[in-house]
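Enquirer: Below is one structure. I have some questions about it.
The values are calculated or read from the model by the stated rules, or taken from the named source; none is laboratory data. Quantities reported herein were computed from a predicted structural model and do not represent experimental measurements. Note: ideal-geometry Cβ built from the backbone for every residue, glycine included; neighbour counts use all protein chains shown. To get the accessible areas, we keep the full protein, side chains included, count just its heavy atoms, and leave off ligands, DNA and RNA. Shrake-Rupley method; radii C 1.70, N 1.55, O 1.52, S 1.80 Å.
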Amino acid sequence: MTPLVDTFGRTHDNLRISVTDRCNIRCFYCMPEEGVKFEPKEHVLTFEEIERFVRIAVSLGVRKLRLTGGEPLLRRDLSALVRKLNAIEGIEDMALTTNGVLFAAQAQELYDAGLHRINVHLDTLDRARFQQITRRDDFGRVMEGIEAALRIGYNVKINAVAVKNLVEPDIVPLARFGRENGIEIRYIEFMPLDAQGIWDKGKVLLADDMIAMIEREIGKLRAIPDQDPRAPATEYAFEDGIGSVGFIASVSRPFCLNCNRIRLTADGKFRYCLFAIEETDIRTLLRNGSPDSVIAAAIRQSVREKWIGHQINTQQFVPPPRPMYSIGG
Ligand code: SAM
Ligand code: SF4
């Protein structure tokens, strides 16, 4: 089969799958504090439905998977899904994005099922600020999760969301922590995907400002040569040879022109972009007896309709109707 190429010539081989929209913490830039509306259980795809979808996507050229959410570790027996997906011929890479709160207890089981790469979401090493951001007091559990991952031998990265006038004191300590523990910190510019519409450009801590802070306090950074242009993070190595940091600068340096990502939400909607307004209802196709060829055609059609990019920096930008936790970050 021909690969999933859109009208801008971008080939899509990277699928992000949300396994649940539920979460056990409440980061303010993602979820409201109370009254979150979750999908009813019967709307959420079963592991068998996800596996079938992935097999079809692999037949269209998908090679990389990332499991996300909501908080994916809330999905019971996630290791069973990891095992199923890992067994699909053609999958070359699988990773998980998690807030880490429940990771320590599941770390070994997931590793044994074939998961070896995780991104743990942690914005600060300060317990009080962690609580301020997430509205939960789970900092200690996240740290236990990171320790367990390192002990077992996972490749660990940390995702830190960069909100201006809030996390400036955390940028340098996180970079130091990463250097000391062999973890790449990936700073993610705050994006307009929060449930309460609080985003504005003035609240984004920009990659260039974070680079300046790190260079001032720790040392010179050098852009790593020959990076995969399709990866969202731009990576920099410390000139002293100890460690690296990455920046996902969706706002100040949009990387849409190299995008290779497609998404499946927990309730079975296919999205060609994190910021897409429209989506394709795959759940109905999975449940109404449609053959694989019809589902493959629906994926292909959606990719054909993919827009050039999110346009955050223009007047035309419209935030997607779903917030981050409901899309799958
Ligand atoms: N619960 C898991 C977690 O927090 O990692 C997985 C889902 S979460 C939606 C995926 C990632 O989205 C998080 O790691 C966080 O860094 C990022 N994120 C959430 N809201 C964001 C926002 N408004 N802007 C930028 N990144 C955001
Ligand atoms: Fe939950 Fe992740 Fe959203 Fe935070 S960013 S509320 S951990 S889904």
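Enquirer: Can you name the residue in the range 28-47 that is more than 15 Å from ligand 1 (Cβ to nearest atom) and among the acidic types (Asp, Glu) and is also modelled with the highest pLDDT among such residues?
Expert: Of everything passing the filter in the range 28-47, Glu42 is modelled with the highest pLDDT.
Enquirer: Just to be sure, is Glu144 more than 15 Å from ligand 1 (Cβ to nearest atom), in contact with a Ser or Thr (Cβ under 9 Å, 6 or more places away or on another chain), of a type outside the set (S, T, N, Q) and not in a strand (DSSP E or B)? Break it down stepwise before answering.
Expert: Details: more than 15 Å from ligand 1 (Cβ to nearest atom): yes; in contact with a Ser or Thr (Cβ under 9 Å, 6 or more places away or on another chain): no; of a type outside the set (S, T, N, Q): yes; not in a strand (DSSP E or B): yes.
For Glu144, the condition - more than 15 Å from ligand 1 (Cβ to nearest atom), in contact with a Ser or Thr (Cβ under 9 Å, 6 or more places away or on another chain), of a type outside the set (S, T, N, Q) and not in a strand (DSSP E or B) - is not met.
Enquirer: OK, next. When you check Arg55 against the structure, is it basic (Lys, Arg), within 30 Å of Arg300 (Cα to Cα) and within 16 Å of ligand 1 (Cβ to nearest atom), yes or no? Can you show your working first?
Expert: Values: basic (Lys, Arg): yes; within 30 Å of Arg300 (Cα to Cα): yes; within 16 Å of ligand 1 (Cβ to nearest atom): no.
Against the criterion (basic (Lys, Arg), within 30 Å of Arg300 (Cα to Cα) and within 16 Å of ligand 1 (Cβ to nearest atom)), Arg55 does not qualify.
Enquirer: Within the range 190-197, identify whether any single residue is surrounded by fewer than 18 Cβ atoms within 10 Å (Cβ to Cβ) and within 16 Å of ligand 2 (Cβ to nearest atom), and answer yes or no. Quick ask: steps written out before the conclusion?
Expert: Filtering the range 190-197 down to residues surrounded by fewer than 18 Cβ atoms within 10 Å (Cβ to Cβ) leaves 196-197.
Still in the running and within 16 Å of ligand 2 (Cβ to nearest atom): 196-197.
There is at least one residue in the range 190-197 that is surrounded by fewer than 18 Cβ atoms within 10 Å (Cβ to Cβ) and within 16 Å of ligand 2 (Cβ to nearest atom).
Enquirer: Output the number of the condition that Ile152 fails; it satisfies all remaining conditions of (1) surrounded by fewer than 19 Cβ atoms within 10 Å (Cβ to Cβ); (2) out of contact with any strand residue (DSSP E or B) (no Cβ under 9 Å at 6 or more places or on another chain); (3) in contact (Cβ under 8 Å) with a residue 60 or more places away in the chain.
Expert: All conditions are met except number (3).
Enquirer: On to the next question. Within the range 72-98, work out how many residues are more than 19 Å from Arg263 (Cα to Cα) and within 12 Å of ligand 1 (Cβ to nearest atom). Show your work before the answer.
Expert: Going through the range 72-98, the residues more than 19 Å from Arg263 (Cα to Cα) turn out to be 74, 76-77, 79-80, 83, 87, 89.
Cutting the leftovers down to within 12 Å of ligand 1 (Cβ to nearest atom) gives us 74.
Total meeting the criteria: 1.
Enquirer: In addition: Of all the residues that make up the range 1-22, how many are small (Gly, Ala, Ser), assigned to a loop (DSSP other than H, G, I, E, B) and in contact with a Gly (Cβ under 9 Å, 6 or more places away or on another chain)? Spell out how you get there, then give the answer.
Expert: From the range 1-22, those small (Gly, Ala, Ser) are 9, 18; that's our starting set.
Imposing the further condition that a residue be assigned to a loop (DSSP other than H, G, I, E, B) reduces the set to 9.
Among the residues that remain, those that are also in contact with a Gly (Cβ under 9 Å, 6 or more places away or on another chain) are: none.
Matching residues across the range 1-22 total 0.
Enquirer: Suppose the filter is open to solvent by 50 Å² or more (accessible area, probe 1.4 Å) and either touching a Cys at 6+ places or on another chain (Cβ under 7 Å) or closer than 21 Å to Glu33 by Cβ (or both); does Asn181 pass it? Spell out the reasoning first.
Expert: Numbers: open to solvent by 50 Å² or more (accessible area, probe 1.4 Å): yes; either touching a Cys at 6+ places or on another chain (Cβ under 7 Å) or closer than 21 Å to Glu33 by Cβ (or both): no.
No.
Enquirer: For the structure I just gave you, tell me whether Phe317 is of a type in the set (Phe, Trp, Tyr), touching a residue at least 24 places away in the same chain (Cβ under 8 Å) and farther than 21 Å from Gly61 by Cα. Outline the logic, then answer.
Expert: On the way: of a type in the set (Phe, Trp, Tyr): yes; touching a residue at least 24 places away in the same chain (Cβ under 8 Å): yes; farther than 21 Å from Gly61 by Cα: yes.
Yes.
Enquirer: From the residues in the range 280-314 that are charged (D, E, K, R) and open to solvent by 70 Å² or more (accessible area, probe 1.4 Å), which one is nearest to Asp13 (Cα to Cα)?
Expert: Filtering the range 280-314 down to residues charged (D, E, K, R) leaves 281, 283, 287, 292, 300, 304-306.
Restricting the remaining residues to those that are open to solvent by 70 Å² or more (accessible area, probe 1.4 Å) gives 287, 292, 304-305.
Values: Arg287: 25, Asp292: 18, Arg304: 14, Glu305: 16 Å.
Out of the qualifying residues, it is Arg304.
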